[in-house]
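Heads up, the thing below is written out as structure tokens.
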């Protein structure tokens, strides 16, 4: 089989995984990558089908970006936080489908209120 | 034109002036405790008596919710939730999921916003009020737990 040399850029952890698999099978890194690509492109196989994605990792807690946001928020005064939050809400209000209503809505059940609130939140 | 820069201060000032018995809950309370999470509504848990509901309705009528003065205080006191107005929208609760006014008032913490004192739910009660099956509430509980870890349970 004629071979062509290509240069690709892939995440280092993928290279490590390929190397580990190669060592396990007594094959070269190139063989592993060629075999994987061959399976991926096999005729009759829908693109991506049969190729399993690595399981997503879910962190307990807030995660890096939300944690950073919270720490930045905590550095503000309560007044600054309320102002920022209300300004954000007023921007969302500009996209609402209806103008502000004078309304009184009475709910018999708390669950009904939660459902209503969820629908209202989508009204942008 | 309100003399306050925030809806929250405006609503709380009217409630205080009317001597309404209430405790702030929901995302607005979370803002005082430590986040900038936006919300369209101001949740207040009130003492569920017709007399207090009357004070609450009178106060909210002054915030632009004209229909509040036509609402029946007896009904507001008897139902779990009454939504009043739209901008600001105030959700008047007689129960915050599982938390009642008497216990919330005992543990409430007073924050001051634009010079207006606001009785605000404790972190414990805020967490308790968000033990629903809503994803947003689950996310809020994570934030509240982290606020408690980072800053403790005192206002400031």
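The values are calculated or read from the model by the stated rules, or taken from the named source; none is laboratory data. The shown structure was predicted, so the numbers you read here are calculated from the model rather than taken from an experiment. Every residue, glycine as well, gets a Cβ built from its backbone with ideal geometry; the counts of neighbours run over all protein chains shown.
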Looking at segment A:87-116 only, could you name the residues that are in contact with a strand residue (DSSP E or B) (Cβ under 8 Å, 6 or more places away or on another chain) and either in a loop (DSSP other than H, G, I, E, B) or at positive phi (or both)? A:103
With respect to residue B:63, determine if the residue is part of a loop (DSSP other than H, G, I, E, B) and at the interface with chain A (Cβ under 10 Å from one of its Cβ atoms). no
Which count do you get for residues in segment A:96-112 that are more than 7 Å from every other protein chain (Cβ to nearest Cβ) and at pLDDT below 90? 4
Would you confirm whether or not segment B:73-86 contains a residue that is outside any helix (DSSP H, G or I), touching a residue at least 60 places away in the same chain (Cβ under 8 Å) and within 7 Å of another protein chain (Cβ to nearest Cβ)? no
Selection within segment B:1-49 - away from every other protein chain (no Cβ under 14 Å) and either within 20 Å of residue B:147 (Cβ to Cβ) or part of a helix (DSSP H, G or I) (or both): B:14, B:15, B:16, B:17, B:23
Can you tell me which residue is farthest from the other protein chains (Cβ to nearest Cβ) among those in segment B:87-97 that are more than 14 Å from residue A:86 (Cα to Cα) and out of contact with any strand residue (DSSP E or B) (no Cβ under 6 Å at 6 or more places or on another chain)? B:94
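Does residue A:115 satisfy the criteria of being within 18 Å of residue B:4 (Cβ to Cβ) and more than 7 Å from chain B (Cβ to nearest Cβ)?
no
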Hey, among A:68, A:72, which residue is out of contact with any helix residue (DSSP H, G or I) (no Cβ under 9 Å at 6 or more places or on another chain), more than 7 Å from chain B (Cβ to nearest Cβ) and closer than 28 Å to residue B:110 by Cβ? A:72
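Yes/no per residue for (1) surrounded by fewer than 21 Cβ atoms within 10 Å (Cβ to Cβ); (2) under 13 Å from the mean Cα position of the chain (by Cα):
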| residue | (1), (2) |
| --- | --- |
| B:3 | yes, no |
| B:23 | no, yes |
| B:40 | no, yes |
| B:46 | no, yes |
| B:52 | no, no |
| B:66 | yes, no |
| B:74 | yes, no |
Filter segment B:100-118 for residues that are touching a strand residue (DSSP E or B) at 6+ places or on another chain (Cβ under 9 Å), in contact (Cβ under 8 Å) with a residue 60 or more places away in the chain, surrounded by 14 or more Cβ atoms within 10 Å (Cβ to Cβ) and farther than 26 Å from residue A:118 by Cα and give the result. B:105, B:108, B:111, B:118
Just checking, which of B:137, B:124 is assigned to a helix (DSSP H, G or I) and closer than 18 Å to residue A:67 by Cα? B:137
Could you list, in sequence order, all residues of segment B:131-150 that are over 20 Å from the mean Cα position of the chain (by Cα) and exposed (fewer than 13 other Cβ atoms within 10 Å of the Cβ)? B:133, B:135, B:149, B:150
